[in-house]
Amino acid sequence: MAAPTFETPKLLDDTATLPIPKIQPGAMQGIKSFVASDKIQEQLGFPGELLPNWKERAIERMGELLKKYRGLQVFLDSCVHCGACTDKCHYYLGTSDPNNMPVARQELVRKVYRRYFTFGGKYFPKLVGAMDLTEDVLDQWYSYFYQCSECRRCSVYCPYGIDTAEITMAAREIMDSVGHGQKYSNEILGKLHRIGNNLGLPGPALLDTLEGLEEDILADTGVPVRLPIDQKGAEVLLVTPSADFFSEPHVESLIGYAKVFHAAGISWTLSTTASEAGNFGLFLGSYENMRKAALRIREAALELGVKRIVVGECGHAWRVAYSFWNTLTGVGAGADDPYGKMLQQQLDHRYKQPSHICEVTYDLIQRGVITLDKSANDHRTVTFHDSCNVARASRMGDMPGGQFIIPREIIKAACNNFHDMSADTIGEGTFCCGGGGGLLTDDLMEVRVKGAMPRMQALKNVVDEKQVNFMATICAICKAQFTKVLPYYGFDMSMVGGVHQLVSTAIQLDTKE
Amino acid sequence: MTTTTLFFAGLFYVATAILVLGLARKIYQYAKAPAPLKIPTTPAPTTKTGVVMRMGREVVLFESLFKSNKWIWIFGWLFHVGLAVVLFRHLRYFQQPIWDIVALAQPFGKYASFAMVAGLLGLWARRFLVDRVRYISTPSDHLILMLLIGIGLSGMGMTFVAHTDIVSLKIFMLGLMSFEINPLPQDPILMAHLAMVATLMIIFPISKLLHAPGVFFSPSRNQVDDPREHRHVAPWAAELEK
């Protein structure tokens, strides 16, 4: 296949609000990520290739999901086609393809739902907009449900809270269950199940890397900051995206976490078996796979006897950890069943379980346990990109919206120059980076570049007006996506980095020795 | 007793049965399906009271729609509030004596119909004028709007233009409620009005009008944001731990 050629959207010079494009039907119909091989599929318990009776099985699976997920049933019934969501998806704004409007994306499933599960669709399909499940429809599903990053922006603006992410997850789960999965996500989840992290790093490689990082920090700072692994009896188990071990700029944040624990005198450890916070089971919409991946953390916590579980900078991982770990594996509080209690009696409930690394750092700053020298970051003028899963599917601290306040407070404690991007592009209305939800693959580069346009536009505005030169974020996918996409828009790829990268620069290591 | 009276009496019994049983069936279905994961759209309330407030703002003020699009919000809100007041005024045809509050609402109820129809016309115009909304509109979207506008206009016709025999209509309606059939006034506008209302009742539980009960069951709006404090496990998910 020839390298895809496409035009990067043009950014406007001076704009307060993004223009809404006219629809261009079919603009992105041909864009598809690679299909998973039989080997990849079977590792996850899915059929290796498209089943001969796939239609029947798909409809049957839809029926099962409708009974298992109230959200799916309610969301498929409730849409009135009001149009409130039509200009809210970054993929629509960047591609003009009407099937990237949340409502139209949902309709791809809803039309099939109507045809097989509702009176109107069974007897008056044309009238109510119902359609048979055909190969063409499957083809459209495969295109457009891998052009959704499950970022939930649409769900903020829907008068019924219809969350396209839930529909996308159901569609992907149905496609997986008939043997038509996506190579990128499914291969990575297979690696996580088999080896313990998304990158497929075995334990010895990890040890090597951590030793190397310890040497680097010592050379840089003269302080022996440790990155311990598999340390039984440590207070904290840190679970972080595996990109933090190898990728730039991710690793800078890992160094930041290590320095925070060092400066605060908290004993901590990583784990070779739970060396991944990411959980692509979420992207697949597969409860069983998501649970299986999360169980590694439970097992490591039980084995290492830790009192606290802390999660590194990763958006979807924090959604799974914050919102789902307690449900899936009992990492949390308030269990009254033996399974949940087994772990929860071990954990120290003076701290939130699990905690986000930003909650930990913020608390230490508040209590004066660690000291930051803001001037160390004076070469940076910083803005903050709220990651979708943190913003709209989780929380930090005790207060609703703490997920917006806490990272910004850390940044402000670590630097002198901070400016937010325009208000409708941050907080709960934040634009996805364009690479989340299982789209962070080169075969979807066009979707990623175009989908990043709204964020790039907002960034350009603060670069032009406030001379911003650093966009901090707390998500491994955001970091990887921006590193790749920034140059398409004429920005330097090193403009993106982690919040704990800023902390790492500013933290005073010798004050609490 | 004329055939039309019998027809409309029968129609209203059937329509009421379909509306009530159909909605009960859907509500049972929504209530019975578990929500296995905590998925409130955050920032979300951390207490049940907070959730009740959030849902209240959503249902009464259309909070999310307000954030989203001011045109849809103003038309949608005008229509729904207009409809609510009009419906409340209509209680007078189903009770004797009339509650004071219903009598009090009479003048407001009459003029609320203008808000209702204006809102509907605005919403309908968007289906033609905005290319994105045109793209997603189905024939049934247009028909439901026509039906509601038809109900509004025929009702306004009887209120403001050519009065129907409202006393006989009330006797007919009160009769239906005690399974007694009294003659229906032979007024074509009234009959059109009633036929359209019955149609709306019949399609309610099988159409997008299900957004009315649906919103209360929407997990992104009705869940408390407390997953770290309380372990939330659906029955089918608990099976996986055995």
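Values computed for the structure shown
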| quantity | calculated |
| --- | --- |
| Residue A:118 vs. criteria among the polar types (S, T, N, Q), surrounded by fewer than 21 Cβ atoms within 10 Å (Cβ to Cβ) and facing chain B (nearest Cβ under 10 Å) | yes |
| Answer from B:120, B:184 - the residue that is surrounded by 18 or more Cβ atoms within 10 Å (Cβ to Cβ), under 30 Å from residue A:24 (Cα atoms), touching a residue at least 24 places away in the same chain (Cβ under 8 Å) and not small (Gly, Ala, Ser) | B:120 |
| Residue check, residue B:195 crowded, with 16+ Cβ neighbours inside 10 Å, in contact with a helix residue (DSSP H, G or I) (Cβ under 9 Å, 6 or more places away or on another chain), away from every other protein chain (no Cβ under 14 Å) and of a type in the set (Gly, Ala, Ser) | yes |
| Answer residue from the stretch A:266-304, given it is outside any helix (DSSP H, G or I) and among the hydrophobic types (A, V, I, L, M, F, W, C) and is farthest from the chain's Cα centre (by Cα) among those | A:266 |
| Residues satisfying the stated conditions in the stretch A:427-465, i.e. among the hydroxyl-bearing types (Ser, Thr, Tyr) and crowded, with 21+ Cβ neighbours inside 10 Å | A:430 |
| Residue B:31 surrounded by 18 or more Cβ atoms within 10 Å (Cβ to Cβ) and either touching a residue at least 24 places away in the same chain (Cβ under 8 Å) or more than 14 Å from chain A (Cβ to nearest Cβ) (or both) | no |
| Condition check for residue B:76: under 30 Å from residue B:189 (Cα atoms), crowded, with 20+ Cβ neighbours inside 10 Å and within 9 Å of another protein chain (Cβ to nearest Cβ) | yes |
| Test result for residue B:228, within 24 Å of the chain's Cα centre (by Cα), within 14 Å of chain A (Cβ to nearest Cβ) and among the basic types (Lys, Arg) | no |
| Qualifying residue in the stretch A:356-363 (condition: crowded, with 24+ Cβ neighbours inside 10 Å, in contact with a Phe, Trp or Tyr (Cβ under 8 Å, 6 or more places away or on another chain) and either modelled with pLDDT under 95 or within 8 Å of chain B (Cβ to nearest Cβ) (or both)) | no |
| Selection from the stretch A:319-355 of residues that are in contact (Cβ under 8 Å) with a residue 24 or more places away in the chain, in contact with a Leu (Cβ under 9 Å, 6 or more places away or on another chain) and at the interface with chain B (Cβ under 7 Å from one of its Cβ atoms) | A:323, A:324, A:330, A:353 |
| Top-ranked residue of the stretch A:136-168 - restricted to ones that are within 10 Å of chain B (Cβ to nearest Cβ) and of a type in the set (A, V, I, L, M, F, W, C), ranked as surrounded by the most Cβ atoms within 10 Å (Cβ to Cβ) | A:162 |
| Single match in A:189, A:127, A:133 (criterion: more than 10 Å from chain B (Cβ to nearest Cβ) and either surrounded by fewer than 24 Cβ atoms within 10 Å (Cβ to Cβ) or free of Cβ contacts under 8 Å to residues at least 12 places away in the same chain (or both)) | A:133 |
| Wholly within the stretch A:30-104, helices (runs of 4 or more DSSP H) carrying at least 1 residues that are among the small types (Gly, Ala, Ser) | A:54-68, A:70-78, A:90-95 |
| Residue in the stretch A:321-346 that is farthest from residue A:291 (Cα to Cα), counting only those that are assigned to a helix (DSSP H, G or I) and among the β-branched types (Val, Ile, Thr) | A:327 |
| Residue identified as buried (at least 24 other Cβ atoms within 10 Å of the Cβ) and at positive phi among A:285, A:278, A:265 | A:285 |
| Per-region count, the stretch A:305-318, residues more than 14 Å from chain B (Cβ to nearest Cβ) and either assigned to a helix (DSSP H, G or I) or polar (S, T, N, Q) (or both) | 1 |
| Sole exception among (1) small (Gly, Ala, Ser); (2) at negative phi; (3) surrounded by fewer than 24 Cβ atoms within 10 Å (Cβ to Cβ) for residue A:171, by number | (3) |
| Subset tally (residues that are in contact with a Phe, Trp or Tyr (Cβ under 9 Å, 6 or more places away or on another chain) and part of a helix (DSSP H, G or I)) for the stretch A:156-199 | 20 |
| Residue within the stretch B:100-114 that is over 16 Å from the mean Cα position of the chain (by Cα), polar (S, T, N, Q), assigned to a helix (DSSP H, G or I) and away from chain A (no Cβ under 14 Å) present | yes |
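The values are calculated or read from the model by the stated rules, or taken from the named source; none is laboratory data. For clarity, every value in this text was computed on a predicted model and none was experimentally measured. FYI the Cβ positions are ideal-geometry reconstructions off the backbone, even for glycines, and counts take in every protein chain you see.
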